[in-house]
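The values are calculated or read from the model by the stated rules, or taken from the named source; none is laboratory data. Model, not experiment: these values are computed from the prediction. Cβ sites come from the backbone with ideal geometry, for glycine too, and all protein chains shown count toward neighbours.
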Amino acid sequence: MGMDVYGKNPTSDEGGYFRNNVWWWRPLADYLLQTYPDLTGECTYWHTNDGDGLSAESATALADALQRDLDNGNVAAYAAAYEDRIAALPLIECTLCAGTGLRTDAIGRQYGYDVPHDPITGRGGCNGCQGDGKVQSWEAHYPFSVENVVEFAAFARASGGFEIH
Ligand SMILES: [Zn+2]
């Protein structure tokens, strides 16, 4: 599952197609919407596969803004702050073992996860949390990177407008 973004009138191979899986697309789209509301507003449905998108003029304006903020370090600063926020997220209770570190449901019993984790054999303990009882929150699975913005900016610049599917 992911977002396939197609250039409407590409001027190069780079402008023909851009893809992020759902984990990568959401933070990228959120960044674009929050940072450039005036440039992204023409497209209503950034988070669904409706084929909404931007005109050639708007895609070029967005590419210009992205290049400016890549050059002046604004994107890098956003990425660093984003990573800090993810790193600071508290761990949450593992749902497979209800935070106990021992998975005692039918599957857990069947596969031997219902006994304490043995660090030497690697056996036992919950398979969701390796016996810790805690896991990363779901937000930690949504990455954001400068490189991804660089790729999207290059796509937008050469896309001739685009549609999100
Ligand atoms: Zn667990």
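Among the residues of this structure, Val146 does not count as one that is in contact with a Gly (Cβ under 8 Å, 6 or more places away or on another chain), of a type in the set (A, V, I, L, M) and surrounded by fewer than 19 Cβ atoms within 10 Å (Cβ to Cβ).
Within the range 81-109, residues that are in contact (Cβ under 8 Å) with a residue 40 or more places away in the chain sit with their Cβ atoms under 7 Å from residues that are of a type in the set (Val, Ile, Thr) and surrounded by 15 or more Cβ atoms within 10 Å (Cβ to Cβ), at 6+ positions apart or across chains, in these pairs: Leu91/Val135; Ile92/Val135; Cys94/Val135. Any residue at all in the range 154-162 that is surrounded by fewer than 19 Cβ atoms within 10 Å (Cβ to Cβ), under 30 Å from Asp13 (Cβ atoms), of a type in the set (Lys, Arg) and away from the ligand (no atom under 12 Å from the Cβ)? There is no residue in the range 154-162 that is surrounded by fewer than 19 Cβ atoms within 10 Å (Cβ to Cβ), under 30 Å from Asp13 (Cβ atoms), of a type in the set (Lys, Arg) and away from the ligand (no atom under 12 Å from the Cβ).
Mind checking whether some residue in the range 115-131 is hydroxyl-bearing (Ser, Thr, Tyr) and either within 16 Å of the ligand (Cβ to nearest atom) or in the same structural domain as Asn21 (by TED's automatic domain parsing) (or both)? No, the range 115-131 contains no residue that is hydroxyl-bearing (Ser, Thr, Tyr) and either within 16 Å of the ligand (Cβ to nearest atom) or in the same structural domain as Asn21 (by TED's automatic domain parsing) (or both). Just checking, which of Thr35, Thr44 is touching a residue at least 24 places away in the same chain (Cβ under 8 Å), surrounded by fewer than 18 Cβ atoms within 10 Å (Cβ to Cβ) and in the same structural domain as Ala156 (by TED's automatic domain parsing)? Of Thr35, Thr44, the one residue that is touching a residue at least 24 places away in the same chain (Cβ under 8 Å), surrounded by fewer than 18 Cβ atoms within 10 Å (Cβ to Cβ) and in the same structural domain as Ala156 (by TED's automatic domain parsing) is Thr35.
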